[in-house]
Amino acid sequence: MAASATPGVIRCRSRILVASADPAFRRRMMNDPAYADALSEEAFGGAHALAKLVQFPCDEVLLDRNLPDLDAREVAEQIRKQYPRIAVELVDSRIEIAAVWESKTGRTVASRESLESGETALTDERASRAAVAAIGSTAALPGMIGSSLAMEQVYRLVHMVANRDTAVLVCGETGTGKELVAVAIHQLSRRAKNPFVVVNCAAIPEALLESELFGYARGAFTGAVQSRLGRVHVAQGGTLFLDEVGELPLSMQAKLLRFLQNGEVQRLGSSDLYRVDVRVVCATNVRLLELARAKHFRLDLYYRLAIFPIEIPPLRERPEDVSALAEHFLATLSAEAGVPAKCLSTVALNYLEKAGWAGNVRELQHAIERAFILAGNDANICGEHFHAFGHGHQLREI
């Protein structure tokens, strides 16, 4: 049985987040009588917990000491710095047998360690300063622009995981910059001097995927006049980036899972096994867990790939980043054209910040390029340059 919560403390309609790789343990903690009336959410790792807190502000976080991806104390400290009002406690999913034994001897086993000092509460002003300091301490990623809280969370997660060999799953809508995040993970890692190999799983025909990923031996099929190394082998010592991994056919999912489990590559038409050292980063614009529940994606592969998930927020949820992105694109276009940098009028900027941007950063970039061309020799980009295509208040890709 799970150790019970602090006796006598009942949290009415509080919001709790339970982070543990053990689903049964998560459920037991959420069913604890002390949280009977609480609104609860689950996270299966440290990174998942940090991502959840962006969309699920809560009163208390219960962190399993045995997180699969990050050190629980590091995660706890990150939460305390960013959300000083949230109570963070460590729980231990491995002490249940000990708890049963101790209960028979009449002794109490403490399953949690409070991370609150208990000495004094931060005032609103001090809490605000602490949150700003924690955010400001995270450097932006190479090639990425944005200072919103949502993007700061992305930067923080990338910096935390970059130097590990943990598999990372980058999630987000089309056009949010998932590949930029993957490149940043590689560039900030100890593998930066080794290859960064990209495989677009949606662009390679199913019949060719196995040979592209794992290579083939001479004579493996008609036309195989010489042996060839696959993309996995080419990425030796570096990073393999699987873009749109949700498009992998089920037959290839099984072979990818086998590679992730043993780190060995078997080329098509050969019985030889080659051991490779490759860090895998994947990206998807679909919910893989939903695909897995619909039997279109292997659940065991999902858990292998999603050890450290990073969610990239859509542009409509961070309008404060639009101005910096637009100015960057304008400066780049001006430099490429060899003309003085063009500027956005106040009306144009207001328009951009209120647009829906269904295509995210990529759509914004294309809209800026169209307006730049339409402006001709004008030094200013005006609202009319964005409405010239007759799309009204909402731009769309052409």
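If you stretched the chain out fully between Asp22 and Leu299, how much longer would it get, using 0.36 nm times the residue separation minus the C-alpha to C-alpha distance?
Length gained between Asp22 and Leu299: 98.2 nm.
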Report summary line: Kirkwood radius from Cα pairs of the range 261-339 plugged into Stokes-Einstein at 10 °C, 1.306 mPa s, gives D in µm²/s equal to 92 µm²/s
Query raised in the report: Given labels modelled 7 Å from the Cα in the Cβ direction, how far is it in nm from Asp37 to Arg370?
Result: 5.4 nm
**Report entry** Calculated Rg and Dmax of the range 175-306 using C-alpha coordinates, Å
**Finding:** 14.8, 42
Report task. Please work out the Cα convex hull volume for the range 315-387 and give it in Å³ per residue. Result -> 73 Å³
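Subtracting the Cα-Cα distance from 0.36 nm times the residue separation, let me have the gained length for Ala140 to Glu317 in nm, one decimal. Intermediate values should be presented prior to the final figure.
Details: separation 177, 0.36 × 177 = 63.72 nm, distance 1.82 nm.
Extending this stretch completely gives an extra 61.9 nm.
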Query raised in the report: Efficiency by 1/(1 + (r/R0)^6): what FRET value for Asn163 and Lys354, r their Cβ-Cβ distance, R0 = 35 Å, to the nearest 0.05?
Result: 0.30
**Report entry** Estimated FRET transfer efficiency when R0 is 25 angstrom, pair Ser227-Ala254 (beta carbons, to 0.05)
**Finding:** 0.60
Query raised in the report: Between Glu206 and His387, what length comes free when the chain is fully extended (0.36 nm per residue of separation minus the Cα-Cα distance, one decimal in nm)?
Result: 61.0 nm
Query raised in the report: Given 4 °C and 1.567 mPa s, how large is the Stokes-Einstein diffusion coefficient of the range 19-85 in µm²/s, with Rh as the Kirkwood radius over Cα pairs?
Result: 106 µm²/s
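The numbers here are math on the coordinates, done by the rules we state, and not lab data. Everything numeric here is computed off the predicted structure, so don't read it as measured data. We place every Cβ from the backbone using ideal geometry, glycine too, and count neighbours over all the protein chains shown.
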